[in-house]
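This report concerns only the one structure given below.
Quick note: the coordinates plus some simple rules give every number you see, no bench work behind them. Not measured: the values here are computed from a predicted model. Virtual Cβ from ideal backbone geometry, glycine too; neighbours counted across all protein chains shown.
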Amino acid sequence: MNSQRHGFFPDEVVLQILSRLPIKSLFRSKTVCKLWYRLVSDKYFIQLYNESAVKNSMLLVEVSESSGLKSSLICVDDQKGVCEFDLNFLKDRVKVRASCNGLLCCSSIPDKGVYYVCNPMTREFRLLPKSRERNVTRFYPDGEATLVGLACNLASQKFNVVLAGYHRTFGHRPDGTFKCMIYDSETNKWRKFITFQDDQFSHMHKNQVVFVNGALHWLTGGGCSCILVLDLEYDMWRKMSLPDELNCGMGNRFYLLESDGCLSVIQISDTWMKIWVLKDYLREEWRLVDTVSLRCIKGLVPGIFPICQTGEYVLLATHKQILVFHRKSRVWKEMYSVKNSSTLPLWYSAHAFRSTIYSCH
């Protein structure tokens, strides 16, 4: 950017201010002058805007009407409150399968095997090409991938979609082999590799996939198992240990999240929520960073699920509510509640989200 001045402020100050606006306000500001109009396509400004946006983790949840035929997306932001938007620009009935750095991976409900990657804030989308895999080899048991992951690299503006699951040849039982398909946005093609996996994934663990250090991470098993890691550079699965101090006894639940660019594990018991952060990724060194009493929300604890967090707050979903816990003030607050009879619990379709101007073209 040049060193021109706008009013009393140099360009750099204006850019810093604009980079902190909500996306809808930013797009409205395009009408102010030609320079601001060009900003949303300027590489330096996009990088500046996204660097600011990734520090603010939000919760995205799909709310269905009791009929199940219509749903809307609710975005819960600790700073800006609640807003509603839709994916009508896809012109298809879809469900959100994964979220990463402002992009969503959605699967078509009527057409199995059709996937989109979109930015709901800019309303850009890409229809992914269908894989050339023969139909005789398919994911087990319902034709859909066990794991769906989305990896968006903000620096390179490249993204990958991962579909992985147990497969079987037609007429045979599944044999434990794990097929992995990876879509590359640069080549617009899929690649495949097959390994053996015997891990189990709950619905929540399948939904909570974390992209850090160039890899996708899922929590396996119902109790203390491990973290399953997919290295996207080498197309290789590996496993990572959980914190040694985790209490694997009855009544304890575990969730894998991100915290300011690091892996984090949250343990929830009847009365406590404990938060670990992976401070050294290569050495797998975990640190307990917070212990939170759950006594003041005791009635909600059995159905509460942490969805996303930063160093300052944790956003959690229950059956009908979205709560935020502020770690400094130790205050709980209700951010959103379902007024009608939703068909599914809110945690069932909740994802971590960030509002970026990441392009999926």
request  = Search the structure for amide H atoms under 5 Å from the amide H of residue 101, placed 1.01 Å from N in the peptide plane, and list their residues when 5 or more places away or on another chain.
outcome  = 354
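Using packing as a proxy for protection, rank 195-208, 252-265 so that the peptide with the highest average count of other Cβ atoms within 10 Å comes first. Show your work: numbers first, answer last.
On the way: 195-208: 16.0, 252-265: 19.5.
Ranked from most to least packed, the peptides come out as 252-265, 195-208.
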ask   = Given H placed on each backbone N at 1.01 Å, which residues far from residue 260 in sequence or on other chains put an amide H within less than 5 Å of it?
value = 311
ask   = What length, rounded to one decimal in nm, is gained on full extension from residue 200 through to residue 79, with 0.36 nm per residue of separation minus their alpha-carbon distance?
value = 39.9 nm
remark   = A student applying the Cα gyration tensor rule (rounded when a/c is under 1.5; otherwise prolate if a/b is larger than b/c, oblate if not) would label region 240-361 oblate
inquiry  = From the phi angles alone, apply the Karplus equation (6.51, -1.76, 1.60; θ = phi - 60°) to region 304-309 and give each ³J(HN,Hα) in whole Hz, x where the residue is Gly or Pro.
reply    = 9, 9, x, 10, 8, 7
key: DSSP-assigned coil residues among chymotrypsin sites (Phe, Trp or Tyr not before Pro) in region 275-327, each with at most 16 further Cβ atoms within 10 Å   = 281
request  = Taking 7 Å along the Cα-to-C-beta vector as the label spot, tell me the residue 298-residue 55 distance in nanometres, rounded to one decimal.
outcome  = 3.9
task = Would you list which aspartates and glutamates come within 18 Å of residue 328, measuring only between C-alpha atoms, while excluding same-chain residues fewer than 8 positions from it?
result = 77, 78, 260, 290, 312
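Output the pairs from 34/55; 80/298; 80/274; 279/333; 112/274; 55/239 with a Cα-Cα distance over 31 Å in this structure; if there are none, say none.
Values: 34/55 29 Å; 80/298 27 Å; 80/274 27 Å; 279/333 29 Å; 112/274 39 Å; 55/239 27 Å.
112/274, as the Cα separations exceed 31 Å there.
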For region 197-209, 3J(HN,Hα) per residue [Karplus equation, 6.51 cos²θ - 1.76 cosθ + 1.60, θ = phi - 60°, Hz, x = Gly/Pro] = 9, 10, 7, 10, 9, 6, 4, 5, 5, 5, 6, 8, 10
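Tell me, what is the percent relative contact order of region 219-313, built from C-alpha pairs under 8 Å that lie six or more residues apart? Let's see the in-between values first.
Working: 154 pairs, mean separation 18.9, N = 95.
Normalised by residue count, the contact order of region 219-313 is 20 percent.
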